[in-house]
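One structure is given here, and the rest of the page talks about it.
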Amino acid sequence: MVDYHTHLLPDMDDGVRSVEESLAALSALKRLGFRHVVLSPHFYTNREPADAFIARREDRYARIARAVDSGEGGSYPQLHLGAEVYLTSLLFNTADLRPLTVDGGDCMLTELPYDDKLKDSTLRNLERLCYSEGITPVLAHIERYPYLLDPSLLGELFDMGCRAQVNINPLSWGTKRKLKKLLSKGFVFALGTDTHIGGGLYDRVSKGLSSVNNALGTGYVKAAGAYTKENLI
Ligand SMILES: [Fe+2]
């Protein structure tokens, strides 16, 4: 499995605080069956220049990289560097967006503003990412945005080139029903734990996995991440 969304770089954002907590969480994810984990710290385009964010991310990554690389018997998943990019027009002040994508590829985990509908300004920013920048926005935790679970709007966004990510959390009955419907219509999702805290991670993610397995099917969940047209990783 691929965990496409985590906050496991130590002392980087509102996620884990220490190297020890980070390594314990990564080890727990490996035991849960995640072979790949994307490290996706919050990047708030309205708070920090991208250069400063990337320099901090490199520094935090270096703190865990040696331990992870020397992990005995493959105790840790393979790590991928990315960011959860909060989408505002300020993002386009960044000369090079690729360091903000997953492994410098085409896919950018993109957090939309929490509006009650897709605002024109957000749509324009998504269009700019897709059409001008050649980037695939992977919309973070779409289940938090009721309007994104509408097949016709999500269809337009997929046609534009967007993809979507769902959090591995206990889901409400209504959300499960909507996700099942989207899946039956051919939509695909990356999955992520959105882990911020190491404590209790194993039990928490186990519960989330059973809920998501129930909504999307065990086979889907095991293979998610390889389901998009160009693979997310
Ligand atoms: Fe997140």
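The values are calculated or read from the model by the stated rules, or taken from the named source; none is laboratory data. This is a predicted model, so every value here is computed, not measured. Because the Cβ atoms are built from the backbone with ideal geometry, glycine has one as well, and the counts that use them run over all protein chains shown. Each accessible area value is taken on the protein alone, full model and side chains, heavy atoms only, with ligands, DNA and RNA left out. Shrake-Rupley method; radii C 1.70, N 1.55, O 1.52, S 1.80 Å.
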Cα Rg over Rh - the range 2-223, Kirkwood: 0.95
Separation between Cα centres of the range 155-185 and the range 38-86, rounded to whole Å: 27
Total formal charge among the other residues, if their Cβ is under 14 angstrom from that of residue 33, Lys/Arg +1 and Asp/Glu -1: +3
Under 10 Å, Cβ to Cβ, from residue 13 - net charge with Lys/Arg +1 and Asp/Glu -1: 0
Residue order for 181, 207 - accessible surface, 1.4 angstrom probe, largest first: 207, 181
Peptide ranges 37-43, 85-91 listed from the most packed, as the mean C-beta count within 10 angstrom indicates: 37-43, 85-91
Max mean-square fluctuation residue, GNM over the chain, Cα-Cα springs under 10 Å, options 131, 145, 202: 131
Karplus-derived 3J(HN,Hα), 6.51/-1.76/1.60, for each residue of the range 104-110, Hz, glycine and proline x: x, x, 8, 9, 10, 5, 10
Stretchable slack from residue 223 to residue 177, in nm (0.36 nm times residue separation minus alpha-carbon distance): 14.5 nm
Helical mean residue ellipticity (222 nm; -39500 (n - 2.57) per DSSP H run of 4+; nearest 500) of the chain: -11500 deg cm²/dmol
Alpha-carbon spread of the range 54-158, three principal axes, descending order, Å: 48, 30, 21
Apportionment of accessible area to carbon and sulfur, the range 124-215, percent (1.4 Å): 48
